[in-house]
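The values are calculated or read from the model by the stated rules, or taken from the named source; none is laboratory data. Because the structure is predicted, anything quoted here is derived from the model rather than measured. Cβ placement follows ideal geometry from the backbone for every residue including glycine, while neighbour counts extend to all protein chains displayed. These area figures cover heavy atoms from the full protein model, side chains too; ligands, DNA and RNA do not enter into them. Shrake-Rupley method; radii C 1.70, N 1.55, O 1.52, S 1.80 Å.
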Amino acid sequence: MIIGVPKEIKNNENRVALTPAGVAEFKKNGHTVYIQTQAGVGSGFSDEEYQKAGASILPTIEEVYAIAEMICKVKEPIASEYSLIKEGQLLFTYFHFASSEELTHAMIKQKATCLAYETVEKNDRSLPLLVPMSEVAGRMAIQEGAKYLEKPMGGRGILLGGVAGVKPANVLVLGGGIVGTQAAKMAAGLGANVTIMDVSLPRLRYLEDVMPANVDTVMSNEYNIREAIKLSDLIIGAVLIPGAKAPHLITRDMLKEMKPGTVLVDVAVDQGGCIETCTPTTHENPTFVIDGIVHYCVANMPGAVPYTSTLALTNATLPYAIQLANKGWEKACRENEELKKGLNVVQGKIVYKGVSEAWGLTLSDLSEVLA
């Protein structure tokens, strides 16, 4: 198979979908890899390193899309890429279709086949290609939240861990999944008072067992959230429903109950956000203020630490990408239920329920498509 890796062109996205080590694995399996020039520079990988591993370097993104049978990316294609996608071309990347109607209709129009990292799912309901970036984003949420709590950044002027004789900050984490767990661990490690909420009692029992003493677990419901936000200095939105829009746990009217300078970090913003007032921002302009509350809503948070993020992501994606290349996507998805669940669009037809429901589109029967 011919694999193409374009340079990411989303604002301040420095990750790359394939490392030189990944190129070597594809070559070992008899495949051809084309990398757009400078695609790996942001993550610390030079064109020369890719060439030594066996890749060919192409000067433009147009050439990469034109020659490749499978496109490996990190983030979803943006508008300038839509017309480059060929009918039936396989795209293997993060899509988050439920948060972008424009992207959904563009992939339908191009009759693309879209296999989304975020909906590849194991039998135990875990999301193996979302986990590494969720780990990075959860840890970064506290790092960024602590920074924006500083007065010059618009926050309350609170040191997350406090000092002797001064109470630490109160951190509220909404969601006890991978993002929430990592965020709570980081905040606790910095000395903050942490409350983590989830709707699953078994999950809360687990978190109660593994978290340090400065982390409290609380059942997530509207009443408890409204009470907790009054005391919180930093609030992390970490709720995800695979392939669907995140629910709004914090609504516009709740902002007036918060202390001025409170910081909100919505990690779920690329899936619609779990904070109603959050809209996607970039690393270039990461925050905005509504009713005196600082909103940090960068949709590609791990892109700020591309070296760590690229290695973590490709460790997870490469085995699946090799399967797709070795067998072709149809056979690979028939034989591997995890990959099958990653299919969102097949040759322009919506085959993932969460996407069809998000935009009121016809859902095609995946078993018939793969027959």
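Of 289, 269, 298, all but one fail to be of a type in the set (Val, Ile, Thr) and farther than 19 Å from residue 77 by Cα; the exception is 289. Being open to solvent by less than 10 Å² (accessible area, probe 1.4 Å) and among the hydrophobic types (A, V, I, L, M, F, W, C) is a property that residue 71 has. Within the stretch 224-279, the set of residues being free of Cβ contacts under 8 Å to residues at least 24 places away in the same chain and either in contact with a Pro (Cβ under 6 Å, 6 or more places away or on another chain) or not β-branched (Val, Ile, Thr) (or both) comprises 227, 253. Residues that are at positive phi and buried (at least 21 other Cβ atoms within 10 Å of the Cβ) occur in the stretch 273-294; there is at least one.
Determine whether residue 24 is among the aliphatic types (A, V, I, L, M) and open to solvent by less than 10 Å² (accessible area, probe 1.4 Å). Against the criterion (among the aliphatic types (A, V, I, L, M) and open to solvent by less than 10 Å² (accessible area, probe 1.4 Å)), residue 24 does not qualify.
The number of residues in the stretch 226-248 that are open to solvent by less than 10 Å² (accessible area, probe 1.4 Å) and out of contact with any helix residue (DSSP H, G or I) (no Cβ under 7 Å at 6 or more places or on another chain) comes to 2. When residue 216 is tested against the conditions (1) out of contact with any helix residue (DSSP H, G or I) (no Cβ under 8 Å at 6 or more places or on another chain); (2) buried (at least 18 other Cβ atoms within 10 Å of the Cβ); (3) under 21 Å from residue 139 (Cβ atoms), the lone failure is (2).
Comparison of 251, 262 shows that the only residue that is open to solvent by 10 Å² or more (accessible area, probe 1.4 Å) and among the β-branched types (Val, Ile, Thr) is 251. For the stretch 121-149, taking the residues that are β-branched (Val, Ile, Thr) and at pLDDT 95 or above, the one that is farthest from the chain's Cα centre (by Cα) is identified as 142. Among the candidates 151, 147, the residue that is open to solvent by 10 Å² or more (accessible area, probe 1.4 Å) and out of contact with any helix residue (DSSP H, G or I) (no Cβ under 7 Å at 6 or more places or on another chain) is uniquely 151. What do you reckon, is residue 344 surrounded by 18 or more Cβ atoms within 10 Å (Cβ to Cβ), modelled with pLDDT under 95 and polar (S, T, N, Q)? For residue 344, the condition - surrounded by 18 or more Cβ atoms within 10 Å (Cβ to Cβ), modelled with pLDDT under 95 and polar (S, T, N, Q) - is not met.
Results for (1) within 21 Å of residue 293 (Cβ to Cβ); (2) part of a loop (DSSP other than H, G, I, E, B), shown as yes or no for each residue.
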{"residue": "181", "(1), (2)": "no, no"}
{"residue": "204", "(1), (2)": "no, no"}
{"residue": "216", "(1), (2)": "no, no"}
{"residue": "227", "(1), (2)": "yes, no"}
{"residue": "239", "(1), (2)": "yes, yes"}
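Of the listed requirements (1) modelled with pLDDT under 95; (2) outside any helix (DSSP H, G or I); (3) under 17 Å from the mean Cα position of the chain (by Cα), residue 118 misses just one: (2).
Here is a yes/no grid of residues against (1) out of contact with any Gly (no Cβ under 7 Å at 6 or more places or on another chain); (2) touching a residue at least 40 places away in the same chain (Cβ under 8 Å); (3) at negative phi; (4) buried (at least 22 other Cβ atoms within 10 Å of the Cβ):
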{"site": "300", "(1), (2), (3), (4)": "yes, yes, yes, yes"}
{"site": "304", "(1), (2), (3), (4)": "yes, yes, yes, no"}
{"site": "308", "(1), (2), (3), (4)": "yes, yes, yes, no"}
{"site": "320", "(1), (2), (3), (4)": "yes, yes, yes, no"}
{"site": "328", "(1), (2), (3), (4)": "yes, yes, no, no"}
{"site": "334", "(1), (2), (3), (4)": "yes, no, yes, no"}
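Within the stretch 1-40, the set of residues being modelled with pLDDT of 95 or more, in a loop (DSSP other than H, G, I, E, B), more than 18 Å from residue 324 (Cβ to Cβ) and among the polar types (S, T, N, Q) comprises 37, 38.
Would you please name the residue that is farthest from residue 97 (Cα to Cα), looking only at residues in the stretch 241-269 that are among the hydrophobic types (A, V, I, L, M, F, W, C) and assigned to a strand (DSSP E or B)? Filtering the stretch 241-269 for residues that are among the hydrophobic types (A, V, I, L, M, F, W, C) and assigned to a strand (DSSP E or B), the one farthest from residue 97 (Cα to Cα) comes out as 263.
Here's the yes/no breakdown for (1) in a helix (DSSP H, G or I); (2) open to solvent by 40 Å² or more (accessible area, probe 1.4 Å); (3) over 17 Å from residue 242 (Cα atoms); (4) out of contact with any strand residue (DSSP E or B) (no Cβ under 8 Å at 6 or more places or on another chain):
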{"position": "75", "(1), (2), (3), (4)": "no, no, no, no"}
{"position": "85", "(1), (2), (3), (4)": "no, no, yes, no"}
{"position": "88", "(1), (2), (3), (4)": "no, no, yes, no"}
{"position": "139", "(1), (2), (3), (4)": "yes, yes, yes, yes"}
